[in-house]
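Presented below is the structure to which this report refers.
What follows is calculated from the coordinates using simple rules that are stated; it is not laboratory data. Quantities reported herein were computed from a predicted structural model and do not represent experimental measurements. No Cβ is skipped: glycine too gets one built from the backbone with ideal geometry, and neighbour counts run over all protein chains shown.
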Amino acid sequence: MKLYPAILTDSIEVVEQQLQLAKSLSSVEAVQIDIIDGVFADNLTVTPIDLINLDFGELKLDFHLMVEEPLDYLNEIVQYQKFLPIRAVLGQIERMSSQDEFIELTKKSGFLAGLSIDLFTPITEIKESLISKLDVVQLMSIEAGFQGQKFDERVIKKIIELNKIRNTKNNKLEIILDGGIKEAHLEQLKKLKADGVAVGSWLWKNDKPEFVVQMINSKNST
């Protein structure tokens, strides 16, 4: 499995600090920066324009859009993409006006196209016709919007369901889990063939963050 350090904050100073840490971690290739608008969830973070002067080093950037209309933020990201090392853009589908338009613009802009679904949103809310076009599906294992929540086991059934879909319709689809992930969950996620985990609190609050990387690397799927 791959580790995607997840940065969720309204402070550009914290973003810079966590980026510095992420750059020091072995085998980490990309960070995920969460964008929340105060409407999708009762939380507020930095916005894409806040990041354009930051030094990402060799890291790539995934945007996770937890916002009222992901298409609006995607257009902002496209506007500033020359300043940012973007790998993927993942939009929450719950407030998305058009999954088709979101995926089309994401891929047209040269990014990996991803959809993220909240803990209580069924897999069937992803348009079936788009499965073959997607690069990433992110499953929230908490309710989207805040770090520090407990991993919810109800996501397990959704991983199994999504794997069945992947096996029949898009075997290149990357499955990422996001929220509440700790060492105790890694073996099960490996068995379920998750490709990556977005980790926030466990990493940032750990006295030995490299230990988190080692634990995840030791569970690489075969």
Its Cα gyration tensor gives segment 31-124 an equivalent ellipsoid whose semi-axes in whole Å, largest first, are 21, 15, 12
Rh_Kirkwood(segment 70-189) over Cα pairs, Å, one decimal, evaluates to 15.0 Å
Amide H neighbours of Glu174 at under 5 Å, excluding residues fewer than 5 places away on the same chain, with H built from the backbone geometry, are Val136, Val137
Phi-derived 3J(HN,Hα) across segment 91-107 with the Karplus relation (6.51, -1.76, 1.60, θ = phi - 60°), rounded Hz, x for Gly and Pro, is x, 5, 7, 5, 10, 8, 6, 8, 5, 4, 5, 4, 5, 4, 5, 4, 5
Cα-based Rg then Dmax for segment 39-82, in Å, read 11.4, 33
One finds, for Lys150 and Glu187 with R0 = 30 angstrom and r their Cβ-Cβ distance, a FRET efficiency to the nearest 0.05 of 0.95
Inter-part gap, Cα centre of segment 80-136 to Cα centre of segment 141-156, in whole angstrom, is 20 Å
Under the Karplus relation with 6.51, -1.76 and 1.60 and θ = phi - 60°, whole-Hz ³J(HN,Hα) for segment 123-132, x at Gly and Pro, equal 4, 5, 6, 6, 4, 4, 5, 9, 3, 6
Of segment 1-16, those with amide N under 15 Å from the point 7 Å along the Cα→Cβ vector of Asn53 are 12-16
For segment 2-217 (alpha-carbon point model, no solvent) the Debye-based log₁₀ I(q)/I(0) at q = 0.09, 0.11, 0.17, 0.18 Å⁻¹ works out to -0.31, -0.47, -1.24, -1.41
